[in-house]
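Heads up: the structure comes next, in structure tokens.
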Amino acid sequence: MRTPRLTPSRNALPSIQSTGIRPIVFSSPPPRAAWRRKLQILFFEPDTRRGRLFDQTLIAAILLSVLTVTLESVPRIRQQHAGLLHAVDWGLTILFTIEYLLRLICSPKPLHYARSFFGIIDLLAILPQYVALFAPQSRFLSSVRVLRLLSMFRVFKLTRYLGVAQSLRDALRASQRKITVFLVVALILVMVLGSLMYVIEGEENGFTSIPVSIYWAIVTLTTVGFGDITPKTPLGQTLASMVMILGYGMIAVPTGIVSTEIAKRDAADRPGSTCRACGRNEPDGDARYCKYCGRALSADRRP
């Protein structure tokens, strides 16, 4: 006896439209979006394997480019290998140009990247070669590509050194007013010394004008001493000796200002305890008493 086949009717099963449930559609991202995402990983995510490999290759290309520009400035090497150096330089420039354009295309915020520090450096790395088509000597400015090596801090996990750079920047910013006052005083001083030397030596001894005498004062005060202009009279030589000795003290002033600010920040960041009685910092984190006033530090430890 044959078993009857049960066939459900159309009305027995509710349709998707009648239940109100929307079907789940699995769609792949558009090819353009997937392509841009791959470029983002390659250019802006050095923590990935591909991004790290690309950055390491880019660093090698930057070093080769800087070496090429440097060797091209040597006359003997330029005469013997001008064609090879020129071809390598242009080839790397074209590669850097393509890289810069791709960064703009795949960046989520192209304008933000173009205005960023690394975006400006990337642009400056390729501009001199194109400007050299109109001003040939400007091609040697391509050596600014060495600034792109700052990306090594990201690639080789050197971010711990960025904290030191931040501390130095903060110290310079805190010393800004003091250094400004120092520079104003130094400017006034070289103007006075230059005018005095012009009056003492005169045009017959090489001090043909006050600006030339100010140039001599700057060179002497900074202890550089090119020797292209020298005083001839005893009074001028005496004044020059005083300026030279004064120059050593002038150099020490900005160095001391910045060093003091750096020391203050190092002391503030150093783990330890601060005494409420004298306000000094005890660098030893295990100290129980202040070594300056003897007060107990148990209640004064910083979090």
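The values are calculated or read from the model by the stated rules, or taken from the named source; none is laboratory data. Just so it is clear, the model here is predicted, and its values are computed rather than measured. Cβ coordinates were reconstructed from backbone atoms using ideal geometry, including for glycine residues, and neighbour counts include every protein chain displayed.
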Query raised in the report: Within segment 187-203, can one find any residue that is in contact with a helix residue (DSSP H, G or I) (Cβ under 9 Å, 6 or more places away or on another chain) and of a type in the set (Ser, Thr, Tyr)?
Result: yes
Report summary line: Within segment 153-179, restricting to residues that are more than 14 Å from Ile257 (Cα to Cα) and at pLDDT 70 or above, the one that is surrounded by the most Cβ atoms within 10 Å (Cβ to Cβ) is Ser167
Report summary line: Pairs returned, first residue in segment 134-146 that is among the small types (Gly, Ala, Ser), second residue that is not in a helix (DSSP H, G or I), beta-carbon separation under 9 angstrom, 6 or more apart or interchain, are Ser138/Ala132; Ser142/Ala132; Ser143/Ser73
Report summary line: Over segment 93-114, the set of residues of a type in the set (Val, Ile, Thr) and surrounded by 15 or more Cβ atoms within 10 Å (Cβ to Cβ) is Thr93, Thr97
Report summary line: Restricted to segment 254-267 and to residues being surrounded by 15 or more Cβ atoms within 10 Å (Cβ to Cβ) and not basic (Lys, Arg), the residue nearest to Leu172 (Cα to Cα) is Val258
Query raised in the report: From the set of residues in segment 208-245 that are without any contact (Cβ under 8 Å) to a residue 24 or more places away in the chain and in a loop (DSSP other than H, G, I, E, B), which is surrounded by the fewest Cβ atoms within 10 Å (Cβ to Cβ)?
Result: Gly227
Requested in this report: Considering every residue within segment 79-92, establish whether at least one is closer than 30 Å to Ala34 by Cβ and either among the charged types (D, E, K, R) or surrounded by 13 or more Cβ atoms within 10 Å (Cβ to Cβ) (or both).
Outcome: yes
Requested in this report: Quick one: which helices (runs of 4 or more DSSP H) lie wholly within segment 26-128 and hold at least 2 residues that are in contact (Cβ under 8 Å) with a residue 12 or more places away in the chain and within 17 Å of Val144 (Cβ to Cβ)?
Outcome: 49-72, 75-106
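Here's the yes/no breakdown for (1) within 30 Å of Ala33 (Cβ to Cβ); (2) among the charged types (D, E, K, R); (3) out of contact with any Lys or Arg (no Cβ under 6 Å at 6 or more places or on another chain); (4) at pLDDT 80 or above:
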| position | (1), (2), (3), (4) |
| --- | --- |
| Leu102 | yes, no, yes, yes |
| Ile105 | yes, no, yes, yes |
| Pro108 | yes, no, yes, yes |
| His112 | yes, no, yes, yes |
| Ile120 | yes, no, yes, yes |
| Ile126 | yes, no, yes, yes |
| Ser138 | no, no, yes, no |
| Leu141 | no, no, yes, no |
| Arg148 | yes, yes, yes, no |
